[in-house]
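**Student:** For reference, the structure I am asking about is given below.
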Amino acid sequence: MEYFLQGFDFQIWSIVEEGDLLVTNEKDKWTEDDRNKISLNCKAKSILCCALSKKEFNHVSACKSTMEMWEKLRITYEGTNKVKETRIDILVTQYEDFQMQPGEFITQMFSRFTDITNGLAGLGKS
């Protein structure tokens, strides 16, 4: 999702990470820059919503900002820091104990290994 949003527009990813772009003027006094900021805020939320399943959307539909939506999704899928550390520990153990299983093809083994390394990378562990 991060790569998708960055690829669409890097500023949209910034909105997800740092929060909505602020507009301090009253609506009737908006400048072109203010309109662009509002538009980017709306695009960020829209793109994120369109990428979600109905179930995921229902979890975040009450959120006011894209950043709040992202944080709720992050906790849902990554868990709290303690859960994240536990997942990392499990994957590291699987990585350290990794070996080919009896009757396993090399492609199956490679797929299992890739799942472990991708899981670690997704949790920020190299």
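Derivation of every value follows stated rules applied to the coordinates shown; laboratory data play no part. Computed from a predicted model, the values in this text were never measured in an experiment. Note that we place each Cβ from the backbone using ideal geometry, even for glycine, and neighbour counts take in every protein chain shown.
**Student:** Straight distance only, please: which lysines reach the Cα of Lys29 with their own Cα at less than 16 Å, same-chain residues fewer than 8 apart left out?
**Tutor:** Lys37
**Student:** Where a Cα-Cα gap under 15 Å defines reach, which aspartates and glutamates qualify for Lys64, not counting those fewer than 8 residues away within the same chain?
**Tutor:** In chain and number order, the partners are Glu17, Glu18, Asp20.
**Student:** Moving to a separate point now. Using only C-alpha positions, report the orientation-averaged shadow area of the convex hull of the chain, nm², one decimal. Provide the component values of the computation, followed by the final result.
**Tutor:** Details: hull surface 42.2 nm².
Average projection, Cα convex hull of the chain: 10.5 nm².
**Student:** Given the options Glu68, Glu17, Glu96, state which has the largest fluctuation in a GNM of the chain using a 10 Å cut-off (strictly under) for Cα springs.
**Tutor:** Looking only at Glu68, Glu17, Glu96, the biggest GNM fluctuation is shown by Glu96.
**Student:** Once you've got the GNM for the chain with C-alpha springs shorter than 10 Å, pick whichever of Asn81, Asn36, Asn25 has the biggest mean-square fluctuation.
**Tutor:** Evaluated over the chain, the most mobile residue of the options is Asn25.
**Student:** Give me the net charge for the shell around His59: Cβ to Cβ below 15 angstrom, other residues only, Lys and Arg +1, Asp and Glu -1. Before the final figure, lay out each step's value.
**Tutor:** Numbers: positive: Lys45, Lys54, Lys55, Lys64, Lys72, Arg74; negative: Glu56, Glu68, Glu71, Glu78.
Taking every other residue near His59 into account, the sum is +2.
**Student:** Taking only Cα atoms of segment 55-126, what ratio of Rg to Rh do you get with Rh as the Kirkwood inverse-distance radius? Write down the numbers at each step before the final one.
**Tutor:** Numbers: Rg = 16.3 Å, Rh = 14.3 Å.
Value, to two decimals: 1.14.
**Student:** Which distance in Å, rounded to a whole number, links the C-alpha centroids of segment 35-107 and segment 5-26?
**Tutor:** 19 Å
**Student:** Determine one quarter of the surface area of the Cα convex hull of segment 81-122, which equals its mean projected area, and express it in nm² to one decimal.
**Tutor:** Values: hull surface 11.9 nm².
The directionally averaged projection comes out at 3.0 nm².
**Student:** Around Gly19, with a cut-off of 11 angstrom between Cβ atoms, what is the net charge of the other residues, counting Lys and Arg +1 and Asp and Glu -1? List each step's numbers first, then the result.
**Tutor:** Working: positive: Lys64; negative: Glu17, Glu18, Asp20, Glu68, Glu71.
Summing Lys and Arg as +1 and Asp and Glu as -1 gives -4.
**Student:** I've got another one for you. Between Asp9 and Val92, what is the label-point separation in nm under the 7 Å Cα-to-beta-carbon projection?
**Tutor:** Once both label points are built, they end up 4.0 nm from each other.
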